[in-house]
Each structure stands twice: as structure tokens, then as C-alpha cells.
1. Report whether or not residue 30 is farther than 21 Å from residue 134 by Cα, part of a loop (DSSP other than H, G, I, E, B), in contact with a strand residue (DSSP E or B) (Cβ under 9 Å, 6 or more places away or on another chain) and modelled with pLDDT of 80 or more.
2. Is it true that residue 45 is within 20 Å of residue 124 (Cβ to Cβ), touching a strand residue (DSSP E or B) at 6+ places or on another chain (Cβ under 6 Å), in a strand (DSSP E or B) and at pLDDT below 90?
3. Can you tell me which residue is modelled with the lowest pLDDT among those in the range 68-85 that are surrounded by 19 or more Cβ atoms within 10 Å (Cβ to Cβ) and within 14 Å of the chain's Cα centre (by Cα)?
4. Of (1) in a loop (DSSP other than H, G, I, E, B); (2) buried (at least 18 other Cβ atoms within 10 Å of the Cβ); (3) at pLDDT 75 or above, residue 146 satisfies all except one. Which?
């Protein structure tokens, strides 16, 4: 179980969207704009994190706020990028309880960590919506590995030549 807190939480502000059929463009739903995709890839692996182990403040809050000997865990996607603005970043899932009486080296399951399955499924759906593609598995049942093409946020499509010709008409900027 990971307790690292040194990864920067912020990364590219890529929300839900979709790639063009040729994969050369990303349509960002919240911005309603197309952006070109670069040759670089971000990589991500899902890890399990003890929420209380991320900082002394989080440890205090989870200790004081826990009931019946429960701790809280969450799934975190740890990403690495070639972009110097965010060489490492994380995508954080929802917390779920875990019984404190279970040793840290025993992997949790739904019986001792209610909500684990839903939290993992929610994070995987979010990653899929944000353009991540599953690329394999790590050592644990939750250790999914993903890749995603990097987006060139500085050069949105302005309606000129060379843009996403395959875009549906409603997604094309007015010229």
C-alpha cells in the first residue's frame, strides 16, 4: 500500500472528452474545443493509498474521525509525463473504509473494505473518460496500467485548415 505524498496532485487539466477517429486530436468536453495530440505519452498506474499516511494532518483527521477502528484508503493513479510542467501527478479516487485490525501487508477486499470495488470502478471510469487507455496490470488486483497521449493545450483548433476534419459538424468551431 502506498503512502507517498510527494507526487504533485495537479497535472494537465484534461477532463472528459474523446479522441478524433484518427487519434490526432482531443475534444475537451468542458471547453468544447479540439486540441492537437503530441507524440509523447503519459503513463499511469493505479495504487492503493492509506489516506492517513499522506500527511500528519490527514493522519490526525482520519484517526479522530474514524469509527469502529476503521482507517480510510483510496485508489490513486500515479502518472508520469514528459511535459516539464507536471513530470509527475496523480488522479485521486474516492476514499473508502478499511478495518485497522487488518495488517498493512494483507491486501484489502470488499469484506473488510466496503466500497473498495465501487471506488476502483469509479476511478477506472474516470480514467477512461479522460482519455486513458488500459495497457496492462501490475502486481496487485487493482494495479491497472494506463497510457494517454499528451495534448498540446497551447494550440487549440481555431477553425483553420489542418484541423480535425473528421469532427462532427457540431464540434467544429465556427469559421
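1. When the stated conditions are applied, residue 30 passes them.
2. no
3. Ranking the qualifying residues of the range 68-85, first place goes to 74.
4. (1)
One line per residue, one yes/no per condition, for (1) assigned to a strand (DSSP E or B); (2) at pLDDT below 90; (3) more than 17 Å from the chain's Cα centre (by Cα):
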| residue | (1), (2), (3) |
| --- | --- |
| 5 | no, yes, no |
| 12 | no, yes, no |
| 18 | yes, no, no |
| 41 | yes, no, no |
| 49 | yes, yes, no |
| 57 | no, yes, yes |
| 60 | no, yes, yes |
| 64 | no, yes, yes |
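The values are calculated or read from the model by the stated rules, or taken from the named source; none is laboratory data. In this text, all values refer to a predicted model and were calculated from it rather than measured experimentally. Please note: Cβ atoms are built from the backbone with ideal geometry, for glycine as well, and neighbour counts cover all protein chains shown.
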